Amino acid sequence: MRTPPAPRTAATTPRATTAPSPGAPASAPAPTQVATARTGTLPTAERPAARERTRGRPGWRLRFAVLCLIWGFSFLLIKVGTDGFAPLYVTLGRLLFGTLVLLAVLAVKRERLPRGVRTWGHLAVAAFLLNAFPFSLFAYAELHISSTLAGICNATTPLWGMLLSLVALSEDRPTRRRIAGLGLGFVGVLTVLGAWQGFSGQDPAGTAMALTASLSYAVGWIYVRRTLAHTSHSNLSMAGGQLLLGTIQLGLVTPFFAAAPDSLPMLPLLSVLALGALGTGLAFLLQYGLVAEVGPTTATLVTYFIPVIATAAGVLLLGEALTWNTPVGAVIVLAGAALTQRGPRRTVAAHRPGEPSRQP
């Protein structure tokens, strides 16, 4: 579901905009692909070297499938984690374990965390909008709604992103295709929620929290685009710094809003560990490698598999109910999101950052 680290600059071209992971989770070659929230592209000159480094590693299709599974199962892990811990502690745990993974990789690669007060200030805002706040909202939401519905709500991030970018990003212009995609996505959300029957069976508070989390990803992505687009630090360095700040933010506020757990139930603990180490730490590294090897357009397709896997996991492993309107609405949402990511023709070359990838 989807931890959005701040990106490094990359040579791309301006496109119209439309991201995560607890999550909805996603990395994008241009503002159009906000649906994927936490990695970035490499400059063109670095791509041959990146491909050279990938030799001997599992094929990109296998790593792509693993990434889909990790982020798709994140919503199930959140649900299981909240069975044993307060939502804020679930979020704190996933950020902590994810941060430890990235800091370990930074140490192995002998890379440093970012420098500069201004950079850290922007990373603090990005950590809140892309990690601490949406992760917490998804955890609270799953106290009231199914992991299936949370995964589908996560897929609305591209729709929020496109809507906001029309206001916040001056190079974006509305097109009939993108407006149609936005409208189609809205119809899909209403279908998932069963609007014709008065939203019966859906918890409005939980659904609103999940949708707000997806909106936060979109706001965070636009903020990162405006403030950290031309940083000289590596994606890994920026991601490590961002997750570290998110962990500190949650570590400061969690004791005041949630009682510390008096026990450590094994299954919820393992779920939080997996959610952090795999769904937040390892997933970013996989996405970063995919963007470098096959490009952001292919890598961002992971966004469209997340709700499918989240639905299958929720139904098969948690026994969650599934009515016809849920999968049908999810398909409509994804179709609308795909339309919003079709930008205008590229006419002017420009230096653009690789966009952050949205994790669930």
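List pairs: first residue in segment 62-85 and over 15 Å from LEU317 (Cα atoms) and at pLDDT 90 or above, second residue open to solvent by less than 20 Å² (accessible area, probe 1.4 Å) and basic (Lys, Arg) anywhere in the structure, Cβ distance under 7 angstrom, at least six positions apart or on different chains. If the second residue must be open to solvent by less than 20 Å² (accessible area, probe 1.4 Å) and basic (Lys, Arg), the pairs left are TRP71/ARG2. If THR231 meets every condition in (1) outside any helix (DSSP H, G or I); (2) at pLDDT below 80 apart from one, which number is that one? Every condition holds for THR231 apart from (2). One residue stands out in segment 255-272 among those that are part of a helix (DSSP H, G or I) and over 18 Å from TYR140 (Cα atoms): the one that is least open to solvent (accessible area, probe 1.4 Å), namely LEU270.
Flag: ILE306 does not match the condition of being over 30 Å from MET238 (Cβ atoms) and either under 22 Å from the mean Cα position of the chain (by Cα) or at pLDDT below 90 (or both). Hey, can you tell me all the residues within segment 191-228 that are open to solvent by 40 Å² or more (accessible area, probe 1.4 Å), of a type outside the set (Ser, Thr, Tyr) and assigned to a loop (DSSP other than H, G, I, E, B)? Hits for segment 191-228 are GLY198, PHE199, GLY201, GLN202, ASP203. The residues in segment 122-144 that are within 25 Å of GLY336 (Cβ to Cβ) and either under 12 Å from the mean Cα position of the chain (by Cα) or open to solvent by less than 10 Å² (accessible area, probe 1.4 Å) (or both) can be counted, and the count is 7. Listed by first and then second residue, the pairs with beta-carbon distance under 7 Å, at least 6 apart or on different chains, first residue in segment 322-337 and open to solvent by 20 Å² or more (accessible area, probe 1.4 Å), second among the aromatic types (Phe, Trp, Tyr) and part of a helix (DSSP H, G or I), are LEU334/TYR304.
With the structure loaded, tell me whether GLY279 is in a helix (DSSP H, G or I), within 21 Å of ARG63 (Cα to Cα) and open to solvent by less than 40 Å² (accessible area, probe 1.4 Å) or whether it fails that test.
Numbers: in a helix (DSSP H, G or I): yes; within 21 Å of ARG63 (Cα to Cα): yes; open to solvent by less than 40 Å² (accessible area, probe 1.4 Å): yes.
It is true that GLY279 is in a helix (DSSP H, G or I), within 21 Å of ARG63 (Cα to Cα) and open to solvent by less than 40 Å² (accessible area, probe 1.4 Å).
The values are calculated or read from the model by the stated rules, or taken from the named source; none is laboratory data. Because the structure is a prediction, the values reported are computed rather than measured. Cβ sites come from the backbone with ideal geometry, for glycine too, and all protein chains shown count toward neighbours. These accessible areas exclude ligands, DNA and RNA; they are computed on the full protein's heavy atoms, side chains included. Shrake-Rupley method; radii C 1.70, N 1.55, O 1.52, S 1.80 Å.
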